[in-house]
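Quick notes on the structure that follows.
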Amino acid sequence: MPQELYPPKMPEYIMNILMFYDKVKTQWRVFSDSVGKAVLIGLDYSSVFKTAEIYGVELNEFNMDVLREIESFIREKQNGK
């Protein structure tokens, strides 16, 4: 997501993890339900950790919590729950 779309007063530490999510947002594990609809299961964390290593992003407890909240929000919105 372009940085200009983020709220203007967002703290930098939140902005950093949002920008990191933008790098891993294609790394979802999915399956097809009985009618062929793609259902999101969750992020592929082996890919997430490797991407963090490549970009030098520290996935500390706080950053993981934020990332899991983003993951949960996207999954619920996509899957309709």
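The values are calculated or read from the model by the stated rules, or taken from the named source; none is laboratory data. As the structure is a prediction and not an experimental result, all values here were calculated from the model. With ideal geometry, Cβ positions are generated from the backbone for all residues, glycine too; neighbour counts draw on all protein chains shown. Each accessible area value is taken on the protein alone, full model and side chains, heavy atoms only, with ligands, DNA and RNA left out. Shrake-Rupley method; radii C 1.70, N 1.55, O 1.52, S 1.80 Å.
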Low-density loop GluC sites (Glu not before Pro), region 52-81, at most 14 other Cβ within 10 Å, DSSP non-H/G/I/E/B, are GLU58
CD proxy, 222 nm, the chain: helix-only mean residue ellipticity via -39,500 (n - 2.57) per DSSP H run with n ≥ 4, per residue, nearest 500, stands at -17000 deg cm²/dmol
Expected unfolding gain across ARG75-LYS25 under the 0.36 nm per residue rule, minus the alpha-carbon gap, is 16.9 nm
Expressed per residue, the solvent accessible area of the chain in Å² (1.4 Å probe) is about 72
Karplus-derived 3J(HN,Hα) from phi for region 63-78 (6.51 cos²θ - 1.76 cosθ + 1.60, θ = phi - 60°), whole Hz, x at Gly and Pro, runs 4, 5, 4, 5, 4, 5, 5, 4, 4, 4, 4, 5, 4, 5, 5, 5
For the chain, the percent of accessible surface on carbon and sulfur atoms (probe 1.4 angstrom, ligands and nucleic acids excluded) is 55
Read-out P(r) over Cα pairs in 5 Å bins from 0, in percent, candidates [x] 3, 13, 24, 23, 18, 11, 5, 2, 0; [y] 3, 17, 31, 29, 14, 4, 2, 1; [z] 3, 13, 19, 20, 19, 15, 8, 2, 1, 0; calculated match is [x]
Taking the alpha-carbon centre of each part, the distance from region 33-81 to region 14-29 in Å is 8
Sorted on mean Cβ neighbours within 10 Å (highest first), peptides 31-40, 11-20 come out as 11-20, 31-40
Karplus-derived 3J(HN,Hα) from phi for region 17-22 (6.51 cos²θ - 1.76 cosθ + 1.60, θ = phi - 60°), whole Hz, x at Gly and Pro, runs 6, 5, 5, 5, 4, 4
Filtered pair list for the chain (Lys only, Cα < 23 Å, 8 or more apart or interchain) has a length of 9
